[in-house]
Amino acid sequence: MDTLSPVRLHHDSAEVPEVLRLIRSTFAYMDGRIDPPTSMHHLSEDDIRRTCQTGEVWTIGAPPQACIFLTPMDNVLYLGKLAVSPSHRGTGLARRLVQTAEERARALARTALELEVRIELVENQAAFARMGFETTAEGAHDGYDRPTFVIMRKTL
């Protein structure tokens, strides 16, 4: 199998626990760096299984070395939980998953991709900008009186 071939998970997929481990390990560096803390601390296997039913979860590798969650919203396809294992960073997996998101957005008649990136994660904002995303707004989590994330969009 081509190492860059994304695979869509189903709710009963045996890889769901591995996806949760991947997200937890790749998002761990955010602890103590972002405020509020990352939502991955509350993410469960059941949440991932629900996302497989209400949206889409795509992975690359066996075991998964990269993943992305896709959720149709209005005219956009929302990208969440993009994770690439440290051992596979810089190999094009994130870019390949974003390309898959573009393909899925077109198939779902969506006009853009959208995502949120924490204010503190400027390197992630730069990475998405290199993939054609533009910052369109700032937002704040409930209870915060300052921006805690930026909204980035890529028009298709």
Within the range 18-32, which residues are surrounded by 13 or more Cβ atoms within 10 Å (Cβ to Cβ) and among the acidic types (D, E)?
E18
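State yes or no: is H10 of a type outside the set (A, V, I, L, M, F, W, C) and farther than 28 Å from D142 by Cβ? Explain how you work it out, then say what you get.
Numbers: of a type outside the set (A, V, I, L, M, F, W, C): yes; farther than 28 Å from D142 by Cβ: yes.
Judged against the criteria, H10 is a match.
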The condition from (1) at pLDDT 95 or above; (2) outside any helix (DSSP H, G or I); (3) among the polar types (S, T, N, Q); (4) farther than 18 Å from K154 by Cβ that Q53 misses is numbered (2)
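Can you go through R106, R89, R110, R95 and tell me which one is out of contact with any Asp or Glu (no Cβ under 7 Å at 6 or more places or on another chain) and either surrounded by 21 or more Cβ atoms within 10 Å (Cβ to Cβ) or in contact (Cβ under 8 Å) with a residue 60 or more places away in the chain (or both)? Don't jump to the end; show me each part of the working.
Details: R106 fails: either surrounded by 21 or more Cβ atoms within 10 Å (Cβ to Cβ) or in contact (Cβ under 8 Å) with a residue 60 or more places away in the chain (or both); R89 fails: either surrounded by 21 or more Cβ atoms within 10 Å (Cβ to Cβ) or in contact (Cβ under 8 Å) with a residue 60 or more places away in the chain (or both); R95 fails: either surrounded by 21 or more Cβ atoms within 10 Å (Cβ to Cβ) or in contact (Cβ under 8 Å) with a residue 60 or more places away in the chain (or both).
Criteria check complete, one pass: R110.
The rows are residues; the columns are (1) under 16 Å from L108 (Cα atoms); (2) surrounded by 14 or more Cβ atoms within 10 Å (Cβ to Cβ); (3) not β-branched (V, I, T).
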position: I34; (1), (2), (3): no, yes, no
position: H42; (1), (2), (3): no, no, yes
position: E45; (1), (2), (3): no, no, yes
position: Q53; (1), (2), (3): yes, no, yes
position: I68; (1), (2), (3): no, yes, no
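Every residue, every condition in (1) in contact (Cβ under 8 Å) with a residue 12 or more places away in the chain; (2) hydrophobic (A, V, I, L, M, F, W, C); (3) part of a loop (DSSP other than H, G, I, E, B), yes or no:
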site	(1), (2), (3)
L4	yes, yes, yes
H10	yes, no, yes
L22	yes, yes, no
S25	yes, no, no
A28	no, yes, no
R33	yes, no, yes
I48	yes, yes, no
W58	yes, yes, no
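I want to confirm something. Restricting to the range 121-156 and keeping residues that are part of a helix (DSSP H, G or I) and in contact (Cβ under 8 Å) with a residue 12 or more places away in the chain, which single residue is surrounded by the fewest Cβ atoms within 10 Å (Cβ to Cβ)?
The residue in question is A129.
The values are calculated or read from the model by the stated rules, or taken from the named source; none is laboratory data. The structure presented is a predicted model; accordingly, all values stated were derived computationally and were not measured. Note that each Cβ is placed from the backbone with ideal geometry, even for glycine, and that neighbours are counted across all protein chains shown.
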